[in-house]
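Notes follow the structure.
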Amino acid sequence: MEGNYASHGGFDNLNIADIQNLVVFIKENSTYEKYPTYIEYRYGNGRVIASTSPLEFYVENSYSDSDWYILLLRRSIEYVFNLPISPVE
């Protein structure tokens, strides 16, 4: 790996993590293992959204799929705070 930013990963221990009300939204698109990369679960009275992709990286760095990641980050924040969800632009 080269560079100074986080790379992509996956949650590989969810089957033994004893997480209540787990929802998997996105999984890796690989040929052999499909680890979840974007999940939601309840913690106490709150809600946790966890991602193994550095969504904030795409705000300042432009790639062919940056718009998708920026929209995902924006909608994640809106969702957690119960705000209206941004439409696809």
Using θ = phi - 60° and the Karplus form 6.51 cos²θ - 1.76 cosθ + 1.60, what ³J(HN,Hα) does each residue of region 67-72 get, whole Hz, x for Gly and Pro? 4, 5, 5, 5, 4, 4
Highest to lowest packing among 70-82, 47-59, scored as the average C-beta count within 10 Å: 47-59, 70-82
Given the Cα-Cα distance of ASP18 and ARG47 and 0.36 nm per residue of separation, how much length would full extension add, in nm? 8.9 nm
Ordered by fewest other Cβ atoms within 10 Å, a rough proxy for footprinting exposure, ASP67, ASP18 read ASP18, ASP67
Based on C-alpha coordinates, I'd like the Rg and Dmax of the chain, in Å. 14.3, 40
Using unit Cβ charges (K, R positive; D, E negative) and no other charged atoms, how large, in debye to the nearest 20, is the dipole of the chain about its Cα centre? 360 debye
Given only helices, namely DSSP H runs of n ≥ 4 each adding -39500 (n - 2.57), what is the per-residue ellipticity at 222 nm of the chain, to the nearest 500 deg cm²/dmol? -6000 deg cm²/dmol
Around GLY10, under 15 Å between beta carbons, what's the net of Lys plus Arg minus Asp minus Glu among the other residues? -1
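Here, each number is a calculation from the coordinates, and none is a lab measurement. Owing to the predicted nature of the structure, the values given are computational and were not obtained by experimental measurement. Quick reminder, even Gly has a Cβ in these numbers, built from the backbone with ideal geometry, and neighbours come from all protein chains shown.
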